[in-house]
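Below is one structure, written out as structure tokens; the observations come after it.
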Amino acid sequence: MAAWLFAPYAAWVAFTSALNGAIFVLKCQGGWMRRVVIVNDKMQQGYRYERSAPVGRDFDPQFRPDLTPEQMLELGVFCGKYLTDCQDEYPASWFARAKLSPSGRDCSLNYFGVDASQPLSEWRRKGWMHADDPRGWFQWYCRYYMGRRLPDEDARQIGRWKAMKRHVSQIRRHCEPGDPMCRPRQRQALLHWAYDSRRI
């Protein structure tokens, strides 16, 4: 579903659609339809944001991820335990082939078959979390991909994403080309940050 739809009138219009975990409000102003999302799930109640950019487009020039959220979920990330209770916020296509484990973490679902995640409590302890995205970087990326823009937080998260490039350099330095199972934990961690470590 596109975040922007053209409308041939400039009046303000609102349309509300309720799903299990999210409410979508369509606002038309100045000839464009925008989506306002109101989130109600296990980790956020009444959180509201606007999708103001086109889906999958108009990214910051410094942010060029190798993988879309849908591709990451299909490859296998976060031991299958991510977005299992808030899928209504995102396109159904993201979950058609996603490797998920709603009942609990199953790290065999990860593309490289290893655990490469720190617990959420550790992320909180280190101050890496932001109130808008209590599930962490991947939640930020999913919402950014869908069109949400928060300039200050976007700059912070893009900076964190760029910092992960050091792991790309380390794999290139220590692994033979064409050996995708060299340093699997580091490669899996890169997948969690939308770097396609299969290509390294």
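FYI, it's all coordinate maths here, none of it is from the lab. The structure presented is a predicted model; accordingly, all values stated were derived computationally and were not measured. Cβ atoms come from the backbone with ideal geometry, glycine included; neighbour counts cover every protein chain shown.
A few points about this structure:
- Projecting label points 7 angstrom from Cα along Cα→Cβ for Thr68 and Ser93 puts them 0.5 nm apart.
- FRET efficiency estimate (nearest 0.05) - Cβ-Cβ, Val36 to Ala163, R0 25 angstrom: 0.20
- Charge sum, other residues only, whose C-beta stays under 14 Å from Gly46's C-beta, Lys/Arg counted +1 and Asp/Glu -1: -1
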